[in-house]
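Reading through the structure tokens given below for one structure.
We did not get these values from a lab; they are worked out from the coordinates using the rules stated. On a predicted model such as this, the values are computed, not experimentally measured, just so you know. Cβ atoms come from the backbone with ideal geometry, glycine included; neighbour counts cover every protein chain shown.
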Amino acid sequence: MSAPSRTNRALGTVIGSAVGDALGAPFEFGPEGAFSARFPKPGHGGEMCGGGGWEPGEATDDTQMAVLVGESLLEYGGLELPDVFRRFQRWAAAEPKDIGLQTEAVLSSGDPWDTAAALHFQVSQRAAGNGALMRAATSAVHFARHGREATMDAARRIAALTHGDRAAWEGTAVFHELVRVALDSDDPLDAVQDALDSVHPDHRERYAAVLAPDWHPDQATEFNGAVWPCLGSAVWALRTTSSYEDAVRAAIDLGGDTDTVAAVTGGLAGAVYGISAVPERWTAALHVPLPGFGERVLRVEEFAEIARRLSG
Ligand SMILES: [Mg+2]
């Protein structure tokens with residue numbers, strides 16, 4: 001099999017992340033191993049099962065927010081942060097089925113786009129959730145062409161709209177960089193050290209720990225709803241498997257914040273293996289509702305078109 005083209009990998013990133021999200025959603029806050037206990041044999045179908053309030057194939061807030069970012073980037077031909085914030089607010093006000101606590105507090109605060117997250121962080125001192133990392137697939141594809149520093153910087157700025165803690169920015173920046181490398185057909189696992197070198201010095205050590213080749217999610221010191229173990233678990237899932245499908249299965253089997261860990265894993269694995277490696281039985285059921293934007297529900301074809309345009 002020949003290596004996937006850049007477009008194939010870009011589609012893999014965006015759709016692969018959404019598929020991981022939808023596949024993992026019914027298992028959120030569940031125990032370790034719940035997915036493979038229910039679906040012991042890979043490739044047998046039925047895995048896009050729904051549950052816990054989710055329809056089979058329904059993507060959650062991770063993907064919904066990624067679409068909002070992607071459509072803003074396409075409409076403005078680049079990063080227009082006040083517009084991204086406005087879209088987030090409009091979506092949040094429409095009461096999506098799921099929304100992160102941190103994200104909701106910032107978007108409903110009434111504070112301006114450029115201070116809301118920072119103000120919230122000053123008061124709460126808690127903003128290192130994975131809620132910015134989870135929505136980064138579209139922006140990672142868009143900014144990949146601009147090189148390492150530019151894509152990492154864009155990641156930080158988008159993350160900062162809702163997360164005042166720099167830890168959340170840096171994790172999102174590392175994700176952007178690993179996707180950039182994969183879209184260039186290089187191995188993102190070989191690029192971890194370079195990415196770490198570009199992480200803010202105050203945060204480097206903690207990311208170096210969770211991205212180390214011998215790190216295992218069992219060593220996490222926080223719940224995987226926090227940004228460090230979430231990114232670490234996604235990279236671990238990529239490192240310890242050899243297909244998109246196995247990487248996403250491994251991510252969901254970790255339990256906890258399964259939709260987001262699988263969304264991040266699916267973005268990375270999709271960038272590496274391409275859309276051709278994402279099972280059609282999973283993409284066929286995928287749909288992305290967009291609360292606040294009419295009755296829109298994106299299906300995979302529409303979603304693929306966004307990915308194609310973002311990859312330029
Ligand atoms: Mg979610």
Note on region 61-98: residues more than 19 Å from the chain's Cα centre (by Cα) and within 16 Å of the ligand (Cβ to nearest atom) are ALA94, GLU95
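With the requirement that a residue be surrounded by 15 or more Cβ atoms within 10 Å (Cβ to Cβ) and part of a loop (DSSP other than H, G, I, E, B), what does region 213-236 give you? Step through it out loud before you land on a result.
At the first step, the residues of region 213-236 found to be surrounded by 15 or more Cβ atoms within 10 Å (Cβ to Cβ) are 215, 217, 220, 224-236.
Selection gives TRP215, ALA220, ASN224, GLY225.
Between GLU245, GLU205, which is without any contact (Cβ under 8 Å) to a residue 60 or more places away in the chain, of a type outside the set (A, V, I, L, M, F, W, C), part of a helix (DSSP H, G or I) and away from the ligand (no atom under 16 Å from the Cβ)?
Working: GLU245 fails: without any contact (Cβ under 8 Å) to a residue 60 or more places away in the chain.
Result of the check over GLU245, GLU205: GLU205.
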Note on region 283-312: residues among the hydrophobic types (A, V, I, L, M, F, W, C) and crowded, with 19+ Cβ neighbours inside 10 Å are ALA285, LEU286, VAL288, LEU290, LEU298, VAL300, PHE303, ILE306, ALA307, LEU310
Conditions (1) over 22 Å from ALA37 (Cα atoms); (2) surrounded by fewer than 24 Cβ atoms within 10 Å (Cβ to Cβ): number failed by ALA269
(2)
If ALA117 meets every condition in (1) surrounded by 21 or more Cβ atoms within 10 Å (Cβ to Cβ); (2) under 24 Å from GLY267 (Cα atoms) apart from one, which number is that one?
(2)
Of the conditions (1) more than 19 Å from VAL264 (Cβ to Cβ); (2) more than 16 Å from the ligand (Cβ to nearest atom), GLY53 fails just one. Which one is it?
(2)
(1) touching a Pro at 6+ places or on another chain (Cβ under 8 Å); (2) closer than 21 Å to ALA37 by Cα; (3) assigned to a helix (DSSP H, G or I) all hold for LEU254 apart from (3)
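Restricting to region 131-181, count the residues that are in a loop (DSSP other than H, G, I, E, B) and within 17 Å of ARG204 (Cα to Cα). Lay out the reasoning, then the answer.
Going through region 131-181, the residues in a loop (DSSP other than H, G, I, E, B) turn out to be 131-132, 136, 147, 160-165.
Still in the running and within 17 Å of ARG204 (Cα to Cα): 165.
Residues that pass the stated criteria total 1.
Could you tell me whether any residue of region 17-29 is within 16 Å of the ligand (Cβ to nearest atom), surrounded by 15 or more Cβ atoms within 10 Å (Cβ to Cβ) and charged (D, E, K, R)?
So far as region 17-29 goes, yes, one or more of its residues are within 16 Å of the ligand (Cβ to nearest atom), surrounded by 15 or more Cβ atoms within 10 Å (Cβ to Cβ) and charged (D, E, K, R).
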Across (1) surrounded by 15 or more Cβ atoms within 10 Å (Cβ to Cβ); (2) over 18 Å from the mean Cα position of the chain (by Cα); (3) closer than 30 Å to HIS146 by Cα, PRO56 clears everything bar (3)
For the list (1) within 16 Å of the ligand (Cβ to nearest atom); (2) within 22 Å of VAL69 (Cβ to Cβ), I need the number of the one condition that LEU254 fails.
(2)
